[in-house]
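Structure first, commentary second.
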Amino acid sequence: MAGTAGSGGAGSRTARLDERYGRRAPSRGRRRARVAVAAVGGAAVLGWAAWAGPALLLGEGVSTQVVGFSAPTATAVELDFQVTMDPGSRARCDLRALAEDFTTVGWQTVDVGPSDGDVVRRSVEIRTQQPAVSAEVMGCELLADG
């Protein structure tokens, strides 16, 4: 059976497939370009991971949830919210009141905690420049002890 069309090494089989499907080995310049793009992409991913990693792995340590709000007057809105954080922690939260057209009509920064439990619930009156139809917690950051 020697000398049949099916004989030959793996190299000749690869050569026949390359010829059949029009494949060719990438040029040296193309290989270098691929390596450079992969290196730049890898560096970008590593840089992003170093920048975002601590927050992704550890979390921010504080989360918030709006429980409700009401507008008792034309110049104030009452915001009920809760902050979840480690017991004994303190946080500073920014609160915002919004008008019907979504413009900010009131802003207040409040300190929350420390507390014996994980969840601290607060009710805060935010003074407004005009009637507010909504209120929200823009964010909270943990305060250093001291």
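If you check Val45 against the conditions, is it open to solvent by less than 100 Å² (accessible area, probe 1.4 Å), modelled with pLDDT of 75 or more and not in a helix (DSSP H, G or I)?
So Val45 fails the test.
Looking only at region 132-143, decide whether some residue is outside any strand (DSSP E or B) and closer than 27 Å to Met85 by Cα.
Yes, because at least one residue in region 132-143 is outside any strand (DSSP E or B) and closer than 27 Å to Met85 by Cα.
Select, from Val120, Val77, Val110, the only residue that is surrounded by 14 or more Cβ atoms within 10 Å (Cβ to Cβ), assigned to a strand (DSSP E or B) and modelled with pLDDT under 90.
Only one candidate qualifies: Val120.
The values are calculated or read from the model by the stated rules, or taken from the named source; none is laboratory data. Keep in mind that what you see is a predicted model, and the values were worked out from it rather than measured. Note: ideal-geometry Cβ built from the backbone for every residue, glycine included; neighbour counts use all protein chains shown. We work out accessible area using only protein heavy atoms, side chains counted, and drop any ligands, DNA or RNA first. Shrake-Rupley method; radii C 1.70, N 1.55, O 1.52, S 1.80 Å.
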